[in-house]
1. How high is the FRET efficiency between N66 and L23 when r is their beta carbon distance and R₀ equals 35 Å, given to the nearest 0.05?
2. To the nearest 0.05, how large is the calculated FRET efficiency for V73 and A44 if R₀ is 22 Å and r is the Cβ-Cβ distance?
3. With θ taken as phi - 60° and the coefficients 6.51, -1.76 and 1.60, list the Karplus ³J(HN,Hα) couplings across the stretch 8-24 in order, rounded to whole Hz; mark glycine and proline as x.
4. Within the stretch 64-79, list the residues whose amide N lies under 20 Å from a label point set 7 Å along Cα→Cβ of T4.
5. Under the Karplus relation 6.51 cos²θ - 1.76 cosθ + 1.60, θ = phi - 60°, what is the ordered set of whole-Hz ³J(HN,Hα) values for the stretch 78-90, x standing for Gly and Pro?
6. Applying the Karplus parametrisation 6.51 cos²θ - 1.76 cosθ + 1.60 with θ = phi - 60° to the phi angles of the stretch 39-47, what ³J(HN,Hα) value in whole Hz is obtained for each residue in order, glycine and proline being reported as x?
7. Scan (i) 1.50; (ii) 1.26; (iii) 1.22 for the value of Cα Rg over 2.2 N^0.38 Å calculated from this model and give just the label.
8. Ignoring everything except DSSP H segments at least 4 long, calculate the 222 nm mean residue ellipticity for the chain; use -39,500 (n - 2.57) per segment, divide by total residues, nearest 500.
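No lab work stands behind these numbers, since they all come straight from the coordinates. Just so it is clear, the structure is predicted and the values come from calculations on it, not from any experiment. Heads up, the Cβs are rebuilt from the backbone with ideal geometry, glycines too, and the neighbour counts pull from every protein chain shown.
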Amino acid sequence: MKLTPTLITAAIAGLFAGVVMPLVWPRLGDETLNWVFAFLLVIALPMHVLVVGFNQPREAGQGGLNSALIKRVAVWLASAVAAVALMRILSL
């Protein structure tokens with residue numbers, strides 16, 4: 001299955017991380033290995049699959065920056081922050 005990262009998949013990954021990580025956070029405790037696994041499963045894996053993608057051709061613009069990737073990362077961060085803020089508002 002080939003999954004092409006788009007702005008929508010980046011937003012989905014951000015929403016997932018923004019909703020799940022605050023729910024998991026209090027249950028992680030002091031064990032470092034729990035934190036590593038939580039980070040990998042909740043943040044790193046969805047971000048890599050839905051934002052960065054696999055086997056993406058490098059489209060270098062001026063200065064060698066991939067503008068599409070930068071936009072997807074910005075959408076991912078914005079949607080994660082929005083999800084955390086919305087959860088915080090709803091929990092009050």
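1. 0.60
2. It comes to 0.95.
3. 5, 5, 5, 5, 5, 5, x, 4, 4, 5, x, 8, 6, 4, x, 6, 7
4. It comes to 66-76, nothing else.
5. Result, rounded to whole Hz: 4, 5, 5, 5, 5, 5, 5, 5, 5, 4, 5, 5, 5.
6. After applying 6.51 cos²θ - 1.76 cosθ + 1.60, I find 4, 5, 7, 9, 10, 5, 5, x, 5 Hz.
7. (iii)
8. After summing the helix terms and dividing by the residues of the chain, the value is -18500 deg cm²/dmol.
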